[in-house]
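Taking it in order: structure first as structure tokens, then the write-up.
The values are calculated or read from the model by the stated rules, or taken from the named source; none is laboratory data. Keep in mind the model is a prediction, meaning the values are calculated, not measured. Every residue, glycine as well, gets a Cβ built from its backbone with ideal geometry; the counts of neighbours run over all protein chains shown. Remember, those area values only see protein heavy atoms, side chains included, never the ligands or the DNA or RNA. Shrake-Rupley method; radii C 1.70, N 1.55, O 1.52, S 1.80 Å.
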Amino acid sequence: MPDESMPIRSPGPRRRRRTARAVALAVVGVLVSGMVVAAVTVWSLLYRPEHDVPAGKPAEVVLEKGMTTSAIAEELVAEGVVANALRFRVSARSAGADGDLRAGTYRLETGMTDDAVIARLKQGPPVEFVEVPIPEGFTAKQVAARVAKRTGISKDELLALMTRGAPELAAERPYLKGAYRDSLEGYLFPATYRVKEGASARQVVDMMLDKFEIEMARIDLAYARSKNLTPADVVNVASMIEREARLAKERKLISSVIYNRLKRDMRLQLCATVLYEMPPGTTRLTYADLESRSPYNTYRIAGLPPGPISNPGRASLEAAARPSKTDYLYYVLTGEDGSHTFTSDYGAFQRAVVHSRVLTAD
């Protein structure tokens, strides 16, 4: 046992230094350990890929209106476009892009950088186009059906505008004033149109009318005017040529027959005008059809029909403006290739009709 009469000695300076150093090292160890844990945690949150997806693969991402940056990040990660949702959110906030990422359908790639994706989403989705080919000779109803099918635009809206919309458009396009039944028939120029995704019926119609005006401006109307035909008459004649001609080389010949009959006050007697108001798919006419009281029945009415019967292309407009110089008054389909026999003699015409009937029967 120690001698209780002897004083207790306190630790010396060296011992105190060793103790302080040990405490300091312990504290540093704890701090370093915490920092390592924190660093690992941050790395895990920001840099650890949430999915193992090969880079460079096509990826389609659909971002809906109203989506938050967080929801956008989750969608991008789900498609493998970016590796980590939290990191993307941090990148978007650092770039000041919160609220600037635009909705739409994007065609991206897997494994893109956050900055590259943010730049694309700020720019917005690429404008998509649908090609809509409109053949020569389509009627306004056929045009409306074709456009609706290819673009998804309401067929009813297209029909309303194409068949009854002339008054709405006439203020900007005076040639539509007085259009028969307020229809745009004849002026919906046939061509292949690139229609933007989300375009309206009005925008499509404006494209077609713009194209008509461009093409019509290139047509020399001097000859037609010398024969007392207006530009609207030329469109009317062209619409009949488009439906009657089977071969391109016969357009101007058919035009000459129309001009010659108008000059002689003869009824045009064109089957295509009668067919215009017949049920869709009708290809043959009966004698009863030729007696119908339709305003388009040129077997009964004199002169031109009240409006175009189709939408003609450039070649038919040119033929209508400047026909071939002939004395032909009649023509009838006689060739298997779609060719017609043209004549100025009624007897020759009747003989050609007989041949045509034999050809049809075969």
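Calculate, in whole percent, how much of the Cα-Cα pair population of the range 78-127 lies beyond 16 Å. Result: 36 percent of Cα pairs exceed 16 Å. Could you tell me whether the range 225-362 comes out rounded, prolate or oblate from its Cα gyration tensor? Rule is a ≥ b ≥ c as square roots of the eigenvalues, rounded for a/c under 1.5, then prolate if a/b exceeds b/c, otherwise oblate. Since a/c stays below 1.5, the shape of the range 225-362 is classed as rounded. Take the range 285-362 with all the other protein chains still there, run a 1.4 Å probe, and you get 52 Å² of accessible area per residue. Take the Cβ atoms of Ser339 and Thr105, set R0 to 56 Å, and the FRET efficiency comes out at 0.65.
Strictly over 25 Å apart at the Cα level, which of Lys122/Lys149; Lys227/Lys249; Lys155/Lys211 would you flag in this model? Lys122/Lys149, as the Cα separations exceed 25 Å there. Given a 1.4 Å probe and every protein chain left where it sits, what share in percent of the accessible area of the range 85-199 is carbon and sulfur? Result for the range 85-199: 47 percent of the exposed heavy-atom area is carbon or sulfur.
Between Thr230 and Ser356, the contour length at 0.36 nm per residue exceeds the Cα-Cα span by 41.9 nm.
Available extension along the chain between Thr113 and Asp98 is 3.7 nm, counting 0.36 nm per residue and deducting the alpha carbon span. Which of the aspartates and glutamates could be linked to Lys177 by a straight reach, that is with a Cα gap under 17 Å, when you skip same-chain ones fewer than 8 residues away? Straight-distance partners of Lys177: Glu168, Glu185, Asp206, Asp210, Glu213, Asp233. Each Cα pair under 8 Å and six or more residues apart adds its separation to the average, and for the range 105-259 the resulting relative contact order is 22 percent.
At the listed q of 0.11, 0.16, 0.18, 0.21 Å⁻¹, the Debye profile of the range 176-238, built from one uniform point per Cα, gives log10 I(q)/I(0) equal to -0.31, -0.61, -0.74, -0.93.
Accessible surface area normalised per residue over the range 55-133 is 53 Å², counting heavy atoms of protein chains with a 1.4 Å rolling probe. Taking each residue as 0.36 nm, the span from Asp220 to Ala248 lengthens on full extension beyond its C-alpha to C-alpha distance by 8.2 nm. So, with a 1.4 angstrom probe, what is the percent of accessible area on the range 233-338 that is carbon and sulfur? The computed percentage sits at 47.
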